[in-house]
Amino acid sequence: MCDLDHDNRDYGFLVDAPEIRALVDETRRLTSEIADTRQRVDALRPAFGKLLAAENWLPRKYGEPDLKSGMGGGIGQYALYRAEDGSLCLFSLVIPPGSQTPIHDHLAWGLIGVYRGIQDETVYRRTDDGRDESKATLEIARQQTVRHGEFYTLLPPLDDIHYVKTVSDTPSISIHLLANDTACVTRHRFDAAGGIVTPFRSGYSNAACPDR
Ligand SMILES: [Fe+2]
């Protein structure tokens, strides 16, 4: 098998596979053609589903946990494609069995689906007015189990706050297509019980974030 990943690259196709290029090309095409975000994301669903159904495009090392992870819990976050202007990224998120992400937001529209293993997702809705950046009142809006080939939509602020947990015996791998440079933007983690909001940058396991 040829070497599909480009270790010395922080932007562009960090994994250069036809399946990834096809999804990024389709995202670019639909972004230029469809101004309405919900309609654009709906139109992207077939292309995203195709990537989740395809095999042999994700390098093995980008499907493994990362013990030095910025997310904690051995969670690996591997950039597969990053637009240099920060307008789009594709990454894999690897969560070991029993581990879970913090409650967090994404701050961009996109699609997230499971490629390996099984994840439980808990989505929160915010019931405060958001005026105090350090505090939030959250209540659970929905919980769902997501399996191979299944995916969901982010349309911030709708469904943008969640956490996911691996419930399979093997690590789960989810694939994220999001309209920002997710791991390098300053997002938020939430302590639901205490109502506290903390800014954070998760960082990628395999690529650098720009200096601030
Ligand atoms: Fe997430």
What does the charge add up to near residue 145, with Lys and Arg as +1, Asp and Glu as -1, over the other residues with Cβ less than 12 Å from its Cβ? 0
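Assuming 0.36 nm per residue, please report the length gained on full extension of the stretch residue 185 to residue 68 beyond their Cα-Cα distance. Working shown, then result.
Details: separation 117, 0.36 × 117 = 42.12 nm, distance 1.93 nm.
In short, 40.2 nm is gained.
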Longest the chain segment clear of GluC sites (Glu not before Pro) sitting in DSSP loops (not H, G, I, E or B) with at most 12 other Cβ atoms within 10 Å runs 134-212
In the chain the DSSP beta bridges are antiparallel at a rate, in percent to nearest 5, of 100 percent
For the range 34-111, which trypsin sites (Lys or Arg not before Pro) pass both filters: DSSP loop (anything but H, G, I, E, B) and at most 12 other C-beta atoms within 10 Å? 68
Obtain the nm distance between the two label points defined at residue 22 and residue 84 by a simple spin-label model: each point lies 7 Å from its Cα along the Cα-to-C-beta direction. 2.8 nm
Using alpha-carbon coordinates, inclination of helix 18-33 to the longest axis of the chain, degrees: 60 degrees
Loop-only check: which trypsin sites (Lys or Arg not before Pro) in the range 110-192 are DSSP coil with at most 10 other Cβ within 10 angstrom? 131
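Return the ratio Rg/(2.2 N^0.38 Å) for the range 26-90, where Rg is computed over Cα atoms only.
Working: Rg = 14.8 Å, N = 65, 2.2 N^0.38 = 10.7 Å.
Normalised Rg, Cα atoms only: 1.38.
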Report the calculated FRET efficiency for residue 54 and residue 209 (r = Cβ-Cβ distance, R0 = 35 Å), to the nearest 0.05. 0.75
Between residue 134 and residue 148, the two model label points (7 Å from Cα along the beta-carbon direction) sit apart by a distance in nm of 4.7 nm
Please state the shape class of the range 113-212: rounded when a/c is under 1.5, otherwise prolate if a/b exceeds b/c and oblate if not, all from the C-alpha gyration tensor. oblate
Rounding to the nearest 10 and keeping the result within 0 to 90°, find how far the Cα-based axis of helix 37-53 lies from the longest principal axis of the chain. 50 degrees
What is the ratio of the Cα radius of gyration of the range 41-169 to 2.2 N^0.38 Å, where N is its residue count, to two decimals? 1.09
Report the net charge of residues surrounding residue 18, where surrounding means a beta-carbon distance below 13 angstrom and charges are Lys +1, Arg +1, Asp -1, Glu -1. -3
Under 5 Å between amide hydrogens, which residues at least 5 positions from residue 205 or on another chain qualify, with H placed 1.01 Å from N in the peptide plane? 77, 78, 79
Counted charge near residue 130, where neighbours are those whose Cβ lies closer than 13 Å (Asp, Glu -1; Lys, Arg +1): -2
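Please report, in whole Å³, the volume per residue of the convex hull around the C-alpha atoms of the range 101-171. Intermediate values should be presented prior to the final figure.
On the way: hull volume 6.1 nm³, N = 71.
Here the figure is 85 Å³ per residue.
Every read-out reported here was derived from the displayed coordinates using simple, explicitly stated rules and does not represent laboratory data. Keep in mind the model is a prediction, meaning the values are calculated, not measured. Positions of Cβ are backbone-derived with ideal geometry, glycine not excepted, and every protein chain shown enters the neighbour counts.
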